[in-house]
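Here is the structure we will look at, set down as structure tokens.
The values are calculated or read from the model by the stated rules, or taken from the named source; none is laboratory data. Because the structure is predicted, anything quoted here is derived from the model rather than measured. Glycine also receives a Cβ, built like all others from the backbone with ideal geometry; neighbour counts cover every protein chain displayed. All accessible areas refer to the heavy atoms of the entire protein, side chains included, with ligands and DNA or RNA removed. Shrake-Rupley method; radii C 1.70, N 1.55, O 1.52, S 1.80 Å.
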Amino acid sequence: MNNNTADNKKVLIGTVLNFMENPFHYELSDSVNIAENSAILVVGSKISKIGSPDELIANNPDAEVHDFHDKLLLPGFIDAHAHYPQTPIIASWGKRLIDWLNTYTFPEEQKYGNTEYAAKIAEIYLDFLISNGTTSVSTFCTTHPESTDAIFLAAQNRNMCLVAGKNAMDRNAPEALLDTPQIAYDQSKNLIQRWHLNGRLRYAITPRFSPTSSPEQLSMLGELWTEYPDCLMQTHLSEQVDELEWVQSLFPNARDYLDTYEQFGLLGKNAVFGHAIHLKKREIDRLKDIGAGVVHCPTSNTFIGSGLFDMGHLQKQRITIGLATDTGGGSSFSMLRSMASCYEIAQLRKNTLHPAQLLWLATMGSAKSLHLDQEIGNLKPGYHADIIALDLYSTSIIAQRVRSADNIWGAIFPTLMMGDDRAITATFVAGNLVYSNEAQTVLSC
């Protein structure tokens, strides 16, 4: 799909939104810039300049012009925690975490040793993301290396920025999904050497969560991370109360859930922990000291009944926080739906989030949690041209609300609460138009 060359130019016209600072920590006027009748010059795969449409077109007469004059131009959404192999089982009824894994997840994941099946679902999954305005994702795979190869290859063909890793599990799961400490080490190392830093691809060492890895396996993964410290390490942390009790029974000498990773060398600044709902003070302090990121998965937390993430407290502690769908435990591929659910959970915590904060979480917040914030998550010169055009009038219900809005934020907020894939007018990945709502299809490679 990547047909960009260094002299391939595009000018995208619309209302451009970008970030200067984190709106959780700075005044709105100091953190977000919204420029109507503005334009983005894309040269090759990256953003070259943001300015007036007349100027950029006049100075680049050979540029291909995309006029989204009535649309909001945003950085593409970044889904910081997902499980692409769970695509076929999204919205499966009625189970809490452990039952849900045993009933739905593990049976589905056993299919991913089949290369053709893994490739099929990888293609479907990334097409779903692109049509929902998501241009980057960090995803868990299965214990099969074939599943990891499939998603990396599908992302490479789209020139997407993608973080992924083979699950490591050597206990408390079906025998067909178990590896061993040595196999997990060897297969993960081979995948790192094949995919990590290959174009826009990044590898994450991926113990599923500490209950499904023995101390020996966690230790070997810690050794692997020491060998490849620029990889990420992604896993789960403190998702459900009954899970915490299980962890304590498996690791009786651990100080807390986080310590089941820390004691084996799996806590560092490149660590990313999904969920992080039921954290103790020591865990929060350690995450802050180390600079590790956590990822809020709101639709999953409500769908599986996990609990209410404490956005306000963790932001006050300056913890790096990303946002995610956690599909298939999460009930939607849309980051718009994740933002709506994030807002609702914060309301239950008596913490009202501003739409700028929601958009930050879905873009720069996620980029920072994945240590990719110098490449993606914002519209700035030098960044990859992962851009979406958002329609603020995508449905009649949203449109009637927007017409009575007092300001631009009042116009944006209804789409964050009620929008879906119909609000995504176009998606650009690395400067290429890969989705057009008018065509109602992901454009072919």
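I'd like the residue in region 234-263 that is crowded, with 22+ Cβ neighbours inside 10 Å, part of a loop (DSSP other than H, G, I, E, B) and of a type outside the set (D, E, K, R) and, out of all such residues, is farthest from the chain's Cα centre (by Cα). Walk me through how you get there before you give the answer.
Kept after step one, since they are crowded, with 22+ Cβ neighbours inside 10 Å, are these residues of region 234-263: 234-239, 243, 257-258, 260-261.
With part of a loop (DSSP other than H, G, I, E, B) added as a condition, the list becomes 238-239, 257-258.
Those still in the list that are of a type outside the set (D, E, K, R) too: 238, 257-258.
Details: Ser238: 19, Tyr257: 23, Leu258: 22 Å.
Applying the filter and picking the extreme gives Tyr257.
Tell me the residue from Arg200, Arg171 that is under 27 Å from Leu129 (Cβ atoms), of a type in the set (Lys, Arg) and in contact with a Ser or Thr (Cβ under 9 Å, 6 or more places away or on another chain), please. Exactly one of Arg200, Arg171 is under 27 Å from Leu129 (Cβ atoms), of a type in the set (Lys, Arg) and in contact with a Ser or Thr (Cβ under 9 Å, 6 or more places away or on another chain), namely Arg200. Of all residues in region 121-142, those satisfying the criterion of being touching a residue at least 40 places away in the same chain (Cβ under 8 Å), open to solvent by 10 Å² or more (accessible area, probe 1.4 Å) and not acidic (Asp, Glu) are Phe128, Ser131, Asn132.
For region 162-193, the candidate set comprises residues that are hydrophobic (A, V, I, L, M, F, W, C) and either in contact with a Pro (Cβ under 7 Å, 6 or more places away or on another chain) or not in a helix (DSSP H, G or I) (or both); within that set, the residue that is nearest to Phe77 (Cα to Cα) is Leu162. Contact map, region 214-232: first residue assigned to a helix (DSSP H, G or I), second residue open to solvent by less than 80 Å² (accessible area, probe 1.4 Å) and of a type in the set (D, E, K, R), Cβ cut-off under 9 Å, separation 6 or more or different chains; pairs are Glu216/Asp170; Gln217/Asp170; Gln217/Arg171; Gln217/Asp179; Leu224/Lys189; Glu227/Lys189. So, Leu358, is that one touching a Leu at 6+ places or on another chain (Cβ under 6 Å) and over 27 Å from Gly291 (Cα atoms) or not? No, not satisfied.
Within region 362-425, which helices (runs of 4 or more DSSP H) (wholly inside it) include 1 or more residues that are modelled with pLDDT under 95 and within 19 Å of Phe333 (Cβ to Cβ)? First the steps, then the outcome.
Details: elements: 366-369, 396-402, 408-418.
Hits in region 362-425: none.
Residues in region 320-354 that are open to solvent by less than 10 Å² (accessible area, probe 1.4 Å) and either touching a Lys or Arg at 6+ places or on another chain (Cβ under 9 Å) or in a helix (DSSP H, G or I) (or both): 13 in all. Of all residues in region 57-70, which are open to solvent by less than 30 Å² (accessible area, probe 1.4 Å) and either outside any strand (DSSP E or B) or more than 12 Å from Phe428 (Cβ to Cβ) (or both)? Once the filter is applied, which keeps residues that are open to solvent by less than 30 Å² (accessible area, probe 1.4 Å) and either outside any strand (DSSP E or B) or more than 12 Å from Phe428 (Cβ to Cβ) (or both), region 57-70 yields Asn60, Ala63.
Inside region 159-187, can you point out the residues that are charged (D, E, K, R) and open to solvent by less than 10 Å² (accessible area, probe 1.4 Å)?
Going residue by residue through region 159-187, those that are charged (D, E, K, R) are 166, 170-171, 175, 179, 186.
Result: Lys166, single match.
Examine region 358-381 for a residue that is among the aliphatic types (A, V, I, L, M), touching an Asp or Glu at 6+ places or on another chain (Cβ under 9 Å) and surrounded by fewer than 19 Cβ atoms within 10 Å (Cβ to Cβ), and state whether such a residue exists. Checked region 358-381: no residue is among the aliphatic types (A, V, I, L, M), touching an Asp or Glu at 6+ places or on another chain (Cβ under 9 Å) and surrounded by fewer than 19 Cβ atoms within 10 Å (Cβ to Cβ).
Name the one entry in Ser52, Ser92 that is of a type in the set (Ser, Thr, Tyr), surrounded by fewer than 22 Cβ atoms within 10 Å (Cβ to Cβ), farther than 26 Å from Ala271 by Cβ and in contact (Cβ under 8 Å) with a residue 60 or more places away in the chain.
Details: Ser52 fails: in contact (Cβ under 8 Å) with a residue 60 or more places away in the chain.
One residue alone meets the criteria, Ser92.
Looking across region 99-123, just one residue is more than 24 Å from Ile304 (Cα to Cα) and among the β-branched types (Val, Ile, Thr), and that is Thr115.
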